[in-house]
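S.K.: Attaching a single structure in structure tokens format; questions to follow.
What follows draws every value from the coordinates through simple rules; no lab data is involved. Just so you know, these numbers come straight off a predicted model, no measurement behind them. All Cβ positions, glycine included, derive from the backbone under ideal geometry; neighbour counts span all protein chains shown.
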Amino acid sequence: MICGNVGLAHQRLAILDPSSRGAQPMTTASGRTTIVYNGEVYNFREIRDDLKRDGFPFTTGTDTEVVGSAFERWGPDSFSRLNGIYALALWDHVGRALYLARDRFGVKPLYLHDDGTTVRFGSELKAVLADTAVPRAPDWAGLRGVLELGYTAAPRTCFHGVTQIAPATVQRYTVSGKNEWRTWDPAIPEPTATTVAEALDGFDRVLDRAIRRQMVSDVPIGAFLSGGLDSTRVVEGMSHGDVNRIQAFTVGFTAKGFDESGIAANSAGDLNVDHVVERIDIDVADTAQRVSDICDDPFADSSAVAMFHLCRVAAARVKVVLAGDGADELLAGYGTYGAERFAAPLRMLPASVRTGALLPIARLIPPIDKPYSLHQVARRLIMGAQEEPARTHASWRRCLYDTDESLLLTADAHRSLRAADDPIDAFAAEYARWPNGTTPLRRMMAADLLHHLPNDMLVKVDRMSMAHGLEVRVPMLDHDFVDFTLALPTALINGGPEGAKRLLKLSLARRVATFDTRRPKRGLLVPVGVAFRGELGVLLMDALPAGGPFERSAVEQLLARHKRHRVDASFELYAVLMVSLWWQRFLA
């Protein structure tokens, strides 16, 4: 659509009403609004019923038409009514205003470049960078986020002048300027008094409703299944009612210690699903290169390599899957939540003891090629304890520490990086924003929900899935379920004999009697450490750009120490690799 100096374009992944009637850009029957839209609004039927009662006509079965008509009825307030995952651009022909909006947790991306005269936007950085008027210069604050945390947090990107719409945010552009507002601000309300039995019934009722709501589709639908608590509960919830046998997808890797397919097979047997498993002798180097090409911004969470293959396997059979993302942040599932118990006494020791005695001892622990080895955990625990409590939790996940940066970066790059905003400050702000009396656990969970989840976990899933034409839905981030869990007393989240994810474990125990809720948590991980001793190490050295931000000799020395098993530098090397591939592609 071109209307004066406004243009909208769209390439569709058709899920609801896949006929040509659902094509976009879509203009409402009255002609007032035109919309381009990526995602799904799960409560679109309820909204459509309300609009029909008000006389609005509908000619398609899409949620896109509902979003456009809702704007006509309620104006900008309509965005707060949308329960779903979306990024959209809406042109109001009457008000002569452009609206850019993003869902509550930023599941769907929306990038833009605003030079004061022209606003360019798209759901991929590629779309924005396709205009040669957009400069390609590094944003050092964005790069610092990648090197230290593995990702860039919205609204930044790694391109200077190119930003993201933040989650739960609307931007409005008119000839008189721009304004911005949030559609949701989280709160941790005073917990309601309830028994375990009452809370469990409510938990199952709200979650099952969210799962049913997100199963609406006019194309085949399935689920990811790792064998863990989150995905197992989602698949179990999908199996109720008049539905075909659920297709559940798992990938496993032949490398020792990195294969969950056996555990997932046990869960699949418990649930009686059509289980599709692919075990892969993975080429990490080849897949890492593909991940870099897909993401556009450097993204240093290596589990994206595994997610790439999981999405590839699922996309060969279905167009939509449900996943368990959000459960760890809402139900205290991360092992790092318990780390503060060890950090607190370490923090009481003099810094000279921590760094002068304990850290050298930790470095003597032999590194082994397995997830979360003692070598990694001990080093991170000691380094994290250097920080104040608001910053400690983010520090557990650091890729490069200050000393690494000073060694691996050129002098100019290091000065630019240290002058940029500290990415951990933004995480710490989410930790500190809650009222006095909020427990450290709830603060850590909230910071993860608002910072780590939207900028790392959901980015990984969305980019890898959309690259394969697959839509991933996340019922545990349904608005009603999020509101329910935020209001739970802490003892029902992490307490009793069940510990973390208490209600989720109790739910599975009474629904799937054979499921072992004591299974240890495992992530979707790949053997990056092993790969750096082979082809991934070769890719790293080939990728280091001449005139780039890294000291080649320092990277070479770190890689050599990693190859000799003197240190496990998987996190550091992978972050350097992702930034190098990006730099070579866009800036060299």
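S.K.: On a straight-distance basis, which lysines could pair with LYS52 in a cross-link, Cα separation under 30 angstrom, same-chain partners fewer than 8 positions away excluded?
M.R.: LYS108, LYS319
S.K.: For region 538-588, what class follows from the C-alpha gyration tensor (a ≥ b ≥ c being the square roots of its eigenvalues): rounded when a/c is under 1.5, otherwise prolate if a/b is larger than b/c, else oblate? List each step's numbers first, then the result.
M.R.: Details: a/c = 2.63, a/b = 1.98, b/c = 1.33.
Verdict is prolate for region 538-588.
S.K.: Okay, moving on. Run the quick spin-label model on ILE361 and GLU278: label points 7 Å from Cα toward the beta carbon, then report their separation in nm to one decimal.
M.R.: Going by the 7 Å Cα→Cβ label model, 4.7 nm.
S.K.: Hey, rough spin-label estimate for LEU407 and THR174, points 7 angstrom out along Cα→Cβ, what's it come to in nanometres?
M.R.: Using points 7 Å along Cα→Cβ, the separation is 5.7 nm.
S.K.: Contour minus end-to-end for ASN266 and ALA316, with contour as 0.36 nm per residue of separation and end-to-end as the Cα-Cα distance?
M.R.: Details: separation 50, 0.36 × 50 = 18.00 nm, distance 2.31 nm.
Difference between extended and current length: 15.7 nm.
S.K.: Next question, about the same structure. With a/c under 1.5 counting as rounded, go ahead and sort region 422-508 into rounded, prolate or oblate using the C-alpha gyration tensor (a ≥ b ≥ c being the square roots of the eigenvalues; past the cut-off, prolate if a/b is larger than b/c, else oblate). Working shown, then result.
M.R.: Values: a/c = 2.38, a/b = 1.22, b/c = 1.95.
Oblate shape, in that a/c is at least 1.5 and b/c is the bigger or equal ratio.
S.K.: THR60 to VAL538: extension gain in nm, 0.36 nm per residue of separation minus the Cα-Cα distance?
M.R.: Working: separation 478, 0.36 × 478 = 172.08 nm, distance 5.23 nm.
Stretched fully, the THR60-VAL538 segment lengthens by 166.9 nm.
S.K.: Binning at 5 Å from 0, report for region 292-410 what percent of all alpha-carbon pair distances ends up in each bin.
M.R.: 2, 8, 14, 18, 18, 14, 11, 7, 5, 2, 1, 0
S.K.: Want the number for ARG136 to SER217: 0.36 nm per residue separation, take away the alpha-carbon distance, what's left? Mind showing how you got there, number by number?
M.R.: Details: separation 81, 0.36 × 81 = 29.16 nm, distance 3.95 nm.
So the chain would gain 25.2 nm between ARG136 and SER217.
S.K.: Assuming R0 = 41 Å, what is the FRET efficiency of ALA197 and ILE368, from their Cβ-Cβ distance, to the nearest 0.05? Mind showing how you got there, number by number?
M.R.: Numbers: r = 44 Å, r/R0 = 1.08.
The value I calculate is 0.40.
S.K.: So which aspartates and glutamates pass the test for LYS563, namely a Cα distance under 17 Å, with those fewer than 8 places away in the same chain ruled out?
M.R.: Leaving aside aspartates and glutamates fewer than 8 places away in the same chain, those within reach of LYS563 are ASP369, GLU535, ASP542, GLU572.
S.K.: A further question follows. Give me the mean projected area, in nm² to one decimal, of the convex hull enclosing the Cα positions of region 136-175.
M.R.: Working: hull surface 14.3 nm².
Value for region 136-175: 3.6 nm².
S.K.: Over region 423-577, what number does the Rg to Rh ratio reach, with both radii from the alpha-carbon atoms and Rh per Kirkwood?
M.R.: Working: Rg = 20.8 Å, Rh = 19.6 Å.
Rounded to two decimals, Rg/Rh equals 1.06.
S.K.: Another question, then. Using the per-residue mean of other Cβ atoms lying within 10 Å as a proxy for protection, in what order, highest first, do the peptides 205-214, 352-361 fall? Could the numbers behind the result be given before it?
M.R.: Numbers: 205-214: 19.8, 352-361: 12.8.
My ranking of the peptides, most packed first, is 205-214, 352-361.
S.K.: For ASP293 paired with ARG510, estimate the spin-label separation in nm (one decimal), with each label point 7 Å from Cα along the Cα-to-Cβ line.
M.R.: 5.1 nm
S.K.: In whole Å, how far is the Cα centre of region 203-275 from that of region 355-404?
M.R.: 35 Å
S.K.: FRET efficiency for SER553 and GLN11, Cβ-Cβ distance as r, R0 = 45 Å, nearest 0.05? Each step should come with its number before you reach the end.
M.R.: Working: r = 45 Å, r/R0 = 0.99.
Given R0 = 45 Å and the Cβ-Cβ separation, E is 0.50.
S.K.: I want the local charge near VAL321. Using Cβ-Cβ distances under 14 Å, sum +1 for each Lys or Arg and -1 for each Asp or Glu among the other residues.
M.R.: On the way: positive: ARG312, ARG317, LYS319, ARG473; negative: GLU40, ASP230, ASP274, ASP325, ASP462, GLU471.
So the surrounding residues net to -2.
S.K.: Suppose R0 equals 60 Å; then what is the FRET efficiency for GLU190 and ALA546 from their Cβ-Cβ distance, rounded to the nearest 0.05?
M.R.: On the way: r = 59 Å, r/R0 = 0.98.
For R0 = 60 Å, the calculated efficiency reads 0.55.
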